[in-house]
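Colleague: One structure follows; several queries about it will come next.
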Amino acid sequence: SHMSGADSASPGAELSVDAAYIPQPVSDSMAAGFLTITNEGDSADELTSVTSEAGEVTVHETIDGTMKEVDRIEVPAHGQLVFKSGGNHLMFEKLKQQPKQGQSVAVELHFAHSDPVAVKLPVKAATYQPTAGHSEDSGH
């Protein structure tokens, strides 16, 4: 039986994912992945792991320019968890084959409270920058 969030007695996180991509990797066994997780719900959730048939995926947080692998990372209520170049990112390792531009890599995001979310990360040019967000204003 399918329960909609509106009928649920305990409104939890409501997660959606967009701006997902992988820049064309230079390495044939490692790649970085980026995406934005938006939480429209009233409760925070946590991204606890990412799995992919393509290889191993780890989650890295960047704080003050220092990158560290984390076990879990918060998705704030009515907020976003943003993975972007120079910030938090997913790290693909031990890839079975090098992702090429035009292909996509399927991953599954696992959360502390919400159901897993399947996402396809299209492989873009190495220089690709997503247009979403406020990056356009940075040149002024």
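Colleague: Pick out, from the stretch 34-140, the strands (runs of 3 or more DSSP E) lying fully within it that include 2 or more residues that are of a type in the set (D, E, K, R) and open to solvent by less than 60 Å² (accessible area, probe 1.4 Å).
Modeller: Result: 45-52.
Colleague: If you go through the stretch 56-85 one residue at a time, how many are on the phi > 0 side of the Ramachandran plot and touching a residue at least 24 places away in the same chain (Cβ under 8 Å)?
Modeller: So in the stretch 56-85, the residues on the phi > 0 side of the Ramachandran plot come out as 64-65, 78.
Okay, now just the ones that are also touching a residue at least 24 places away in the same chain (Cβ under 8 Å), so 78.
Residues that pass the stated criteria total 1.
Colleague: When both residues are 6+ apart or on different chains and their Cβ atoms are under 7 Å apart, which pairs have a first residue that lies in the stretch 15-33 and is farther than 14 Å from VAL105 by Cβ, and a second that is of a type in the set (D, E, K, R)?
Modeller: Every condition considered, the pairs that remain are LEU15/ASP45.
Colleague: Taking the stretch 87-134, which residues are charged (D, E, K, R) and under 21 Å from LEU15 (Cβ atoms)?
Modeller: GLU108, ASP115, LYS120 - these are the residues of the stretch 87-134 that are charged (D, E, K, R) and under 21 Å from LEU15 (Cβ atoms).
The values are calculated or read from the model by the stated rules, or taken from the named source; none is laboratory data. Model, not experiment: these values are computed from the prediction. In this analysis, Cβ positions are derived from the backbone assuming ideal geometry, glycine residues included, and neighbour counts consider all displayed protein chains. All accessible areas refer to the heavy atoms of the entire protein, side chains included, with ligands and DNA or RNA removed. Shrake-Rupley method; radii C 1.70, N 1.55, O 1.52, S 1.80 Å.
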